[in-house]
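Accompanying notes for the structure given below.
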Amino acid sequence: MLNIVKSLLYRLKKNKMFWIMLGVCAFLPVLTLLLNNLILEFADIFVDVPLDMGLEMTTYMTLSELVSLSSNANFFTLLCVSIFLCKEFTDGTIRNALLSNKSRINLYTGYGLTALIIGGSYLVTYFVSTLLALAIPFGFGDVTPNQAVTSCLCSLLMGVLSLLFVVSCVLLFLFATGKQAPSIVLPLLVTMFLPGLMTSVVELVSTLIELAKFGGAEITTEIDYTWVPLYNAMLYDSAEVDGALVGKISLYYILFSALFVFLGGLTAVKKDLK
C-alpha cells in the first residue's frame, strides 16, 4: 500500500494541475481581503467609514465556509482527485498494479490516502491563508483568545470531516465507473444537490407549519432542524460555536463517510478492473 502511495505522490509532484489549484486555494482569501479593502476605499469616498464596522465577520464567514461540502477546498479536492486518479484507470495503471499482485483493498486504501493528502493540502493551505490574510488584519472581534482559538480549531476539524465525506464520495464513483466525467459530476450532485434538497424540504415543512398555524391549527411541538442531515451544516457559525450542533454535523459526516467507504471498498473488490 505504501508503495502505491509513494508512486502516486511522485506523479502528483509533477502534476501542474495540483500546484495550480493549490495556488488558487492560497490566493482566494487574499482576494477576499483585496475586495474588502477596495469596497472600503470606494465607500470612504462618499461617507466616513468607521474603524469598527464588523470586518471580523469576514473572517468568521470564511472559517464557517470550511464546514460546507461545497467549500472551496472541497471543490478543488473533488476536481483534482477525480482527474488525477482517473488517469490510473484510463492509462491502465491500475490493471498493471493488479497484475503485479497488488490487492484491491490495498489499491483502494492507497488511492484513498493519496486523495486525503491532496485534500488535506488544499484544506490546510486555505485555512492558513485565511488566518494570515483575514484573521490578522480583520481580527476576531471582541472575544477572548480561547474563543478565537475554539472558532479556528472547530472550523478546521469540521473541514476535515467534510473533506472525508467528499473524498470517500469521489472514490466510490471513481471505482464504480472508472471514468472521469461521472466521478466529477456525480459527487458534485451529492455535495451540492443533496444539501440544497434538504434545505428545500426544511423550508417546505416550515412553510406548511406556518400556514397551518395561520389557519387556526394548534401546533405546539417545535421541530429541531439542527438534526436534519446536511442542512444542519449550513447552520454552523464559527462566530458562535454551538457544541451540540458541531456534534450533530460531525455524526452525520462520519456516518456518510463510513457508508461511502464501505460501498467504495465493496465496489473495488467486486468490480472487473482488468
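The values are calculated or read from the model by the stated rules, or taken from the named source; none is laboratory data. Computed from a predicted structure; not experimentally measured. Note that we place each Cβ from the backbone using ideal geometry, even for glycine, and neighbour counts take in every protein chain shown. Side chains included, ligands, DNA and RNA excluded: accessible areas come from the protein's heavy atoms. Shrake-Rupley method; radii C 1.70, N 1.55, O 1.52, S 1.80 Å.
Numbers for the structure displayed
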item: Residue with peak Gaussian network fluctuation, the chain [Cα springs, cutoff 10 Å], from 66, 12, 188; result: 12
item: In Å, descending, principal axis extents of the Cα set of the chain; result: 68, 53, 33
item: Net charge of Cβ neighbours under 11 Å - reference residue 64; Lys, Arg +1; Asp, Glu -1; result: -3
item: Computed over the stretch 83-155, Cα set: Rg, Dmax in Å; result: 20.0, 61
item: Residues of the stretch 239-274 with amide N under 17 Å of the 7 Å Cα→Cβ point at residue 95; result: 271-274
item: Shape parameters for the stretch 93-231, alpha-carbon atoms, Rg then Dmax in Å; result: 21.7, 72
item: Cα-centre dipole for the chain with unit charges at Cβ (Lys and Arg positive, Asp and Glu negative), debye to 20; result: 2420
item: Sites residue 193 and residue 3 - FRET efficiency at Förster radius 45 Å, r taken between beta-carbons, to 0.05; result: 0.75
item: Dipole-positive endmost among 123, 169, 254 within the stretch 122-274 (Cβ charges, Cα centre); result: 169
item: Carbon and sulfur %, accessible surface of the chain computed with the full protein complex present, 1.4 Å; result: 68
item: Angle in degrees between helix 145-177 and the longest Cα principal axis of the chain, rounded to the nearest 10; result: 40
item: Accessible surface, per residue, of the chain when the full set of protein chains is kept, probe 1.4 Å, Å²; result: 52
item: 20 Å Cα-Cα threshold exceeded, pairs from 14/271; 13/270; 13/87; result: 14/271; 13/270
